[in-house]
Amino acid sequence: MDVTNTRVEILRVFNEVMERTLGITGHYSMQSDPRANRKTVFHLRLYRKREIARFLQRINTIKLTDLKRQHVYNWLSL
């Protein structure tokens, strides 16, 4: 799972809240684009199934349509 923003400070706050409330620690990565007028993009990622499951059980997201939600739950049950 991936949370993306151009401001790493926002992701750090989000990660701290996840650590304190859910016991989940995300991993950071960075993506630069050499083209003009492009900002560096930072990613906060969750890789483990149990962490993704814990996040989705407690946090609602508008990004998951019913079909996507079913795919995610099928993947988590493997």
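The values are calculated or read from the model by the stated rules, or taken from the named source; none is laboratory data. Source: prediction; values computed, not measured. Heads up, the Cβs are rebuilt from the backbone with ideal geometry, glycines too, and the neighbour counts pull from every protein chain shown.
Run A36 past the list (1) of a type in the set (A, V, I, L, M); (2) farther than 25 Å from S77 by Cβ; (3) in contact with a strand residue (DSSP E or B) (Cβ under 8 Å, 6 or more places away or on another chain) and report the number of the one that doesn't hold.
(3)
In the list N60, N15, which residue meets the criterion of being without any contact (Cβ under 8 Å) to a residue 12 or more places away in the chain and either on the phi > 0 side of the Ramachandran plot or not acidic (D, E) (or both)?
N60
Working carefully through the options K68, K63, find the one that is modelled with pLDDT of 85 or more and either surrounded by 10 or more Cβ atoms within 10 Å (Cβ to Cβ) or assigned to a loop (DSSP other than H, G, I, E, B) (or both).
Going through K68, K63 in turn, just one is modelled with pLDDT of 85 or more and either surrounded by 10 or more Cβ atoms within 10 Å (Cβ to Cβ) or assigned to a loop (DSSP other than H, G, I, E, B) (or both): K68.
In segment 17-54, which residues are loosely packed, with under 12 Cβ neighbours inside 10 Å and assigned to a helix (DSSP H, G or I)?
Scanning segment 17-54 gives V17, R20, T21, R50.
I need a count of the residues in segment 1-15 that are surrounded by fewer than 12 Cβ atoms within 10 Å (Cβ to Cβ) and assigned to a helix (DSSP H, G or I).
2
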